[in-house]
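Structure first, commentary second.
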Amino acid sequence: LPQGSGLIYEVIRVIDGAALFFREHYDRFLNSGAGTITENDLSYLSFLKMTAQFIESFDKGNFNLKVILDPTTKDLYLFENPSSYPEAKLYETGVHTELMDYQRNDPNAKITNQELTDLANHKRQETGAYELLLVDPSGHITEGSRSNLFFIQDGKLLTPPLDSVLPGVTRQRTIETAQSIKIPVSEIKIKANQLPHFQGAFISGTSPKILPIQSLGNLKFHSAQLPFVKDLIAAFDQTILKDLEEFR
């Protein structure tokens with residue numbers, strides 16, 4: 001398998017033999033590979049067929065499927081991505097996070113970045129954090145090292161604007177789910193010094209889905225206990241079930 005930075009990739013969660021949010025992952029894969037791969041190179045139906053064949057031949061119903069495109073050779077690789085899913089109790093308690101100064105060069109493209117991976121892994125070991133929240137040079141919190149980020153303030157969801165973060169598939173479906181149950185969502189820039197004004201926060205991503213944050217550095221939240229968050233997680237679980245049925 002190709003290694004290092006600069007590879008175009010996508011990670012798709014497979015649940016009970018069905019690929020979750022498959023269409024959105026395909027669209028983002030093409031967007032990340034703009035200028036390298038087009039719909040003529042890899043149509044939706046051909047990508048669907050090869051993914052379905054991989055899942056069927058791979059005797060494992062639940063796993064993360066990773067797709068890598070080597071931009072030099074245009075070779076495409078599908079394989080199981082080693083992954084860990086949060087323990088059930090973490091959805092009831094929330095997770096610990098820390099801030100980390102870092103700005104990705106092209107936040108809108110899902111491209112391997114070994115530097116960020118190494119820095120985040122080192123800080124996780126150093127602090128015991130589940131996730132690192134990135135802070136850009138202007139002091140704005142943008143996203144997690146491997147997730148998107150939402151804050152809760154006065155019954156609203158706040159999330160950093162799309163131009164400064166990875167367009168997460170789970171992020172977009174979280175926004176849609178929140179709006180479907182009448183939770184207002186705003187995309188705004190968020191400074192680190194605003195953190196004490198929030199009632200809670202959570203991360204979103206392929207493996208964690210919607211995962212409450214219990215602490216950010218020394219700042220404590222009760223995110224997992226908020227009825228607001230519990231309702232959103234329950235609604236999102238229904239979004240997942242509906243999407244898996246559509247894939248099947």
Q) If you scan region 68-92, which residues turn out to be among the β-branched types (Val, Ile, Thr) and open to solvent by 60 Å² or more (accessible area, probe 1.4 Å)? A) THR72, THR73
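Taking ASP243, is it acidic (Asp, Glu), surrounded by fewer than 22 Cβ atoms within 10 Å (Cβ to Cβ) and within 24 Å of SER84 (Cα to Cα)?
Here the answer is yes, as ASP243 does meet what is asked.
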Q) Which ones in region 28-49 are loosely packed, with under 15 Cβ neighbours inside 10 Å, modelled with pLDDT of 95 or more and not small (Gly, Ala, Ser)? A) TYR44, LEU45, LYS49
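The values are calculated or read from the model by the stated rules, or taken from the named source; none is laboratory data. Treat the numbers as computed from the prediction; the structure is a model and nothing was measured. Don't worry about glycine lacking a Cβ; one is built from the backbone with ideal geometry, like all the others, and counts go over all protein chains shown. Accessible surface is based on the protein model in full, side chains and every heavy atom, while ligands, DNA and RNA are left aside. Shrake-Rupley method; radii C 1.70, N 1.55, O 1.52, S 1.80 Å.
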